[in-house]
Structures are given as structure tokens and as C-alpha cells.
1. Grab the DSSP H runs of the chain that are 4 residues or longer, score each as -39,500 (n - 2.57), total them, divide by all residues and round the 222 nm result to the nearest 500 deg cm²/dmol.
2. Helix 3-25 versus the longest principal axis of the chain: what angle, 0 to 90°, nearest 10, using Cα atoms?
3. Just how large is the dipole of the chain about the Cα centre, in debye to the nearest 20, putting +1 at every Lys and Arg Cβ and -1 at every Asp and Glu Cβ?
4. Just the projected area, averaged over all directions, of the convex hull on the alpha carbon atoms of the chain: how many nm²?
5. I'd like the distance between the alpha-carbon centres of the stretch 129-172 and the stretch 24-102, rounded to an integer number of Å.
6. Can you divide the C-alpha Rg of the stretch 26-170 by 2.2 N^0.38 Å and report the result to two decimal places?
7. Using Cβ contacts closer than 10 Å as the measure, can you line up MET89, MET294, MET236 from fewest to most?
8. Going by average Cβ neighbours within 10 Å, how do the peptides 205-211, 162-168 rank, with the highest at the top?
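Every read-out reported here was derived from the displayed coordinates using simple, explicitly stated rules and does not represent laboratory data. This one's a predicted model, so the numbers in the text were calculated from it and none came from an experiment. We place every Cβ from the backbone using ideal geometry, glycine too, and count neighbours over all the protein chains shown.
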Amino acid sequence: MRIIPNTLRIAFAFCAIFVGAVAFTGGPPAGFTGGSTEAACTACHTGAALNAGPAQFTLTASPSFTGGTATISAAFGTTPSIKHGFQFMGKDSSSTYLSGWSLTNNSTTQKNGPNHVNHTGTGTTVTSWSANVTPGAIAAGPVSFYAAGNQTNNNSAPNGDNIYTRNTRVYQAGLSAAATWNIGSVQPLVLAAPTVPYHLYIIAVSELASPSTPLGGVFEVPINLSGQLVSIGWSMPTIFQNFIGALDAQGNATAVVVVPNLIALSGITLHFAYATVAPSNTQVTEVSNGISRMLQ
Ligand code: HEC
């Protein structure tokens, strides 16, 4: 009577494989981006060491939530494979998940629980995926987004696959400007920080981009404030206009850079970012994304 248990065991094994295949072809379990407290897809998938595979994997995001939403995109650039997958999520500065996801492509992407977005079965045939997220009421400070990508060998099993992880930030205070800055032009800098209306702002200009500068707590200005231009900028209010001021009732303000008409400035790159402070106690309340513009 040994044949019956063996047959049953084989049948169970096949069932397990079948259930596994059904469960994972249409997307991974939630919570495997490799970011913050999460394990990466390497919990099940094996191949090259994490981030050591031959493919290019990127995570890009809108610089800020200006307009109330940000677009998050994960993509494989150069890749030797024909089948790929991903998962991403975002956490605010107090490590709470953002759950305001909305899909822009229901065929290649799906929500996985309230906090994660990943590929569908169809989505494994494409190499880029994106979704929109609205922050809702979240802690002050930038939101961190984390993505994992799987460049697979298409063998319908978790071995031979290369996993990549990336992260990026989206700021609650937005800073934007025109793309091209010519010598002698006048360039508006648009500030939009809807969560801190009426707060004071201070914009810094620096010739140094990195490393970013901690301001205490969760706040870090994403440019290097030890550049010589920082104090020069604040002492030249005819060139760097409205670099200190107050946001309006919607949290908006506009500053201006009057780019001197000096050909010698051509090729110089300027980096800008701002912090907001509460008028009552001058505590930092937000930091913006950084922008970099080369004078030409
Ligand atoms: C709990 C284990 C587990 C985790 C965690 C996991 N996977 Fe998988 N995945 C599997 C298994 C098992 C398969 C093979 C069966 C299948 O294709 O359905 C698979 C298959 C895949 C495939 C199809 C690959 C092929 O060769 O056909 C993709 C794409 C994929 N996973 C992406 C991911 C990504 C991206 C992550 C991380 C965010 C992830 N997986 C995390 C178990 C897992």
C-alpha cells in the first residue's frame, strides 16, 4: 500500500507548484520592495547579487506633489531579458505608507493591498510602469519611494532572476523654473508649498549640488549649502529677487533670478532649493526639491 501515499505526495507536489505559479505569475506578494522595513524580491528570487545584474533599472518621480499628485515610474532601460516585473511603494517621513495610489494602466499594473503597486501578468511583457499617488494628510517632510525590479530569465521559476532596488524622494514643497536659462534672461522661480500657507520661505542658491544639507529632524535641503554663492546670493537682492519672503494663502510665491548679461557666466550651473519656517517660532516646516540650471 506504499504506492498510494507516494502518488498522493506527487500529486500534492504538483498542486503546490501549480498554486505557486498561479499565485506569482500575476504579481509578487505585497511588501517586497527592499526599501525601509521591507525585504526585497531576493527573499524568493535568486540570481546575480542584489543590484549586480546587467540591466539598467530606474525609479523616477515628479519632484514634488505640486498639483496634488505625483507620478512614480519604474523602468528597465538596457536589459538582456524579455520578461520583467516590479513593485513600488512610498512612505512619509514618519514611516507611514502612502495609500492614495491610482493606476494609469490597468492592464500592466495593479494595486496590491492599499500600499503597493506592481506588475500584472501582462505587465511582465513591458519594461516600464507608472502610477499616480496623492499624499493625503501625511507627516511633514519629503516622501520616500522605494522600488524593486526583477529582470527574469523567463523560466517560470524564481531562480536565475536578477533583482534591483532603487529609491527616490518627492517633496511636499515644490520648486520649479523654465528649463533653459540664457545669459541676460529673467527667470521666475515658482514656489508651491500648499501644506504650509503663510509660512516664511528662504531660497538658497549654491554652486554645489551635493551632498544635501541637514536642517534637523526630517528636513534636509537637497543642495549643498556650503557653497560660496549661498551668502552672496542673499546679499544680491537685485539679481536674486524675493529669495526671502512669505507664502500666500495657497502656499505659493514667486522669486526671480535676473541672470547678468555676462558671457563669462556661461557654463556655470546654479542649484536652488528652499526651506519654509513657521512665522510663530521660526521652526523649519518644509523643504523643497532642488533644481539645477546651467547658464547658457
Ligand atoms: C514569496 C516568494 C516570492 C517573492 C517575495 C517574489 N516572488 Fe516573484 N515569483 C515567485 C515564484 C515562485 C515565481 C515563479 C512562478 C511564477 O512564475 O508564477 C515568481 C515569478 C516571478 C516573475 C515571472 C518570472 C518568470 O520567470 O516567469 C516575475 C516578473 C516576478 N516573480 C517578479 C517579482 C518581483 C518584482 C518581486 C519583488 C517585488 C517578486 N517577484 C517577489 C515567488 C516570489
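1. Using -39500 (n - 2.57) per qualifying helix, the result is -3000 deg cm²/dmol.
2. Relative to the chain, helix 3-25 is tipped by roughly 20 degrees.
3. Roughly 780 debye for the chain.
4. Computed as one quarter of the Cα hull surface, the answer is 19.1 nm².
5. Each part reduced to its Cα centre gives a spacing of 2 Å.
6. Details: Rg = 14.3 Å, N = 145, 2.2 N^0.38 = 14.6 Å.
Normalised Cα radius of gyration, the stretch 26-170: 0.98.
7. Listing MET89, MET294, MET236 from fewest to most nearby Cβ atoms yields MET294, MET236, MET89.
8. Working: 205-211: 16.4, 162-168: 22.4.
Taking the mean over residues of other Cβ atoms within 10 Å, the ranking is 162-168, 205-211.
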